[in-house]
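J.: I have a structure I would like to understand better, so I am pasting it below and will then ask my questions one at a time.
We did not get these values from a lab; they are worked out from the coordinates using the rules stated. Here the structure is a predicted model, which is why all the values come from computation and not from measurement. Backbone-built Cβ (ideal geometry, glycine too); neighbour counts: all protein chains shown.
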Amino acid sequence: MEDFRSLLTTYQHRVYNQAYRMLGNVEDAEEATQDIFMKVYRSMEDFRGESAVSTWIYRITANECISRLRKKQLDTTSFDEPFEPGECKSLADIIPDKGVDPEALLESHETAEMIRAEVQRLPANWAMAISLYHFDYLSYDEIAEIMEIPTATVATYISRGRKQLAGQLLHVMEK
Amino acid sequence: MKCTEFDTNIAAYIEGRLDDDLRRLMDEHRAACPECARLFKAHSIIMKSLDAAEPVSAPEGLADRIFARIEAEAYHAAPLPAETITAAGAALKPGAVFNCETFQENIAAYVDGLLEGKLIAVMNEHRAGCPACDRLARVHDFVVTSLNTAEPVKAPRSLIKRILAAVEAFEAESQARSFRVFPRYSVVAALIAGAGSFLAALIFMSEDLLKSLPDYTEELKQFTTLKGQAILTFLQMYNWVTTSNIVTYLQDTKKFLLEPVHIPMLTFAMPVYYLGIIGVISLVAWFYFREPDISGIPVMSSGHGFHA
């Protein structure tokens with residue numbers, strides 16, 4: 001129990017940060033964080049030290065977040081409603097109505113926050129790779145080990161995800 | 001000494017870091033120049049104010065964030081995998097056409113600062129002459145900056161307590177279940193095993209018991225072996241279930257005698273014993289290999305006033 005308490009204290013913020021960035025709201029992030037740490041607790045005896053503890057915890061986190069994000073995206077699209085991550089509205093929904101100079105959007109903190117929220121609309125694997133890279137500063141190699149995919153695939157996910165985000169922003173600016 | 005020299009050395013002068021000659025020159029100039037005297041006084045007041053200031057602690061986690069950022073920059077400056085820079089390298093080959101499409105292919109690595117110097121120059125040159133690609137680059141740059149500058153969100157303080165409570169509840173529930181389940185089934189198993197063992201013992205002792213009978217014969221002796229007991233048990237059960245009279249028939253034909261059933265329930269001992277053993281093994285296997293049920297774990301409540 002003491003080992004678990006130590007792990008919890010060390011990783012709680014990083015796990016929660018990932019869950020929040022992936023799922024977009026406090027309720028889902030807290031629920032996911034609890035589930036992740038319950039899984040960590042239940043599988044502690046099976047952990048054989050073949051990878052770093054941080055990699056092991058991040059892997060559980062990534063699997064949980066990807067699974068939850070996919071379910072969330074599926075649930076929202078199945079009802080033919082726009083996906084609303086957290087309390088942030090869509091980039092395309094808000095910005096054009098404000099009559100703001102498109103170039104000024106690239107200076108706006110609000111736009112930056114929306115870009116971050118848009119990550120949740122990306123395919124779950126892309127979103128996870130971007131989240132680990134940009135929000136937790138992990139390297140491509142570390143992300144590859146966590147997600148159990150080749151390093152080149154990580155680079156592809158991140159690159160495609162960012163292109164999609166940039167494409168959405170460009171689309172709004174050109175409206 | 002000129003006023004500019006006095007101004008240059010004033011900080012070291014106030015802090016007492018000048019050598020004797022220079023300090024003497026500063027003293028003389030200060031005495032002769034009212035402007036520099038005022039400057040000295042102003043500096044002295046500022047220095048005293050600064051010295052008297054209460055030390056301010058860095059915000060919690062600042063060091064971690066700084067180290068994380070340094071590590072991040074180091075990681076992000078690492079070269080991309082070979083597969084991903086192939087397209088960028090191809091753009092520099094002789095005869096390759098560098099157009100907007102090439103620019104777009106390399107935009108991610110360009111924004112991350114991961115391209116080679118030559119390619120960066122080509123990208124910059126293209127960008128300078130192409131407003132669309134320039135805008136694309138600025139948008140990509142904005143996206144990357146937006147992602148990189150996300151403030152880390154901290155878990156609410158109550159979350160760690162709730163997780164620990166959930167784990168403790170899980171642990172307590174698991175232990176309670178194991179203590180509750182084990183005695184109940186172990187008693188049943190023990191009863192079955194005990195009854196089976198008792199009957200088995202009767203079978204093994206049956207030879208002595210049979211020998212005590214007055215009409216003990218050689219034909220009866222065969223039933224004193226385990227195999228004989230099993231055959232007799234089968235025959236008795238068959239007789240009982242079908243209400244036929246095969247044992248009586250066998251008795252009439254002088255092949256077997258009915259005497260062994262003098263021992264109560266002896267003829268049912270073997271099947272009961274086997275069933276008991278199978279039952280015990282099944283229960284033990286079920287107990288040790290069952291999937292733990294965590295449905296009883298309380299689900300945490302969320303939203304305790306924490307906001308990102």
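J.: Report the extension gain between B:C3 and B:L275 in nm, rounded to one decimal, defined as 0.36 nm multiplied by the number of residues separating them, less their alpha carbon distance.
T.: Values: separation 272, 0.36 × 272 = 97.92 nm, distance 11.11 nm.
The span from B:C3 to B:L275 would gain 86.8 nm if fully extended.
J.: Next question. Pop out the ³J(HN,Hα) list for the range B:4-13 in order, Karplus 6.51 cos²θ - 1.76 cosθ + 1.60 with θ = phi - 60°, rounded to Hz; leave Gly and Pro as x.
T.: Each residue of the range B:4-13 in turn: 5, 5, 4, 4, 5, 9, 5, 5, 5, 5 Hz.
J.: Any idea how far apart B:F98 and B:A12 come out in nm if each label point goes 7 Å out from Cα toward Cβ?
T.: 4.9 nm
J.: Another question about this same structure. If I model a spin label at B:E105 and A:E45 as a point 7 Å from the Cα along the Cα→Cβ vector, what separation in nanometres do I get?
T.: Those two pseudo-labels are separated by 5.5 nm.
J.: Please identify the GluC sites (Glu not before Pro) of the range B:114-175 that satisfy two criteria: DSSP loop assignment and at most 15 other Cβ atoms within 10 Å. Which are they?
T.: Details: sites: B:E116, B:E125, B:E168, B:E171, B:E173; in loops: B:E116.
Passing both the DSSP loop test and the Cβ count: B:E116.
J.: Provide, for q = 0.21, 0.23, 0.33 Å⁻¹, the log10 of I(q)/I(0) from a solvent-free Debye sum over equal Cα point scatterers in the range B:3-52.
T.: Log10 of I(q)/I(0), two decimals: -0.69, -0.81, -1.33.
J.: Per residue of the range A:37-46, in order, report the coupling 6.51 cos²θ - 1.76 cosθ + 1.60 (Karplus, θ = phi - 60°) as ³J(HN,Hα) in whole Hz, putting x for Gly and Pro.
T.: My calculation for the range A:37-46 gives 6, 5, 5, 4, 4, 5, 9, 4, 5, 7 Hz in order.
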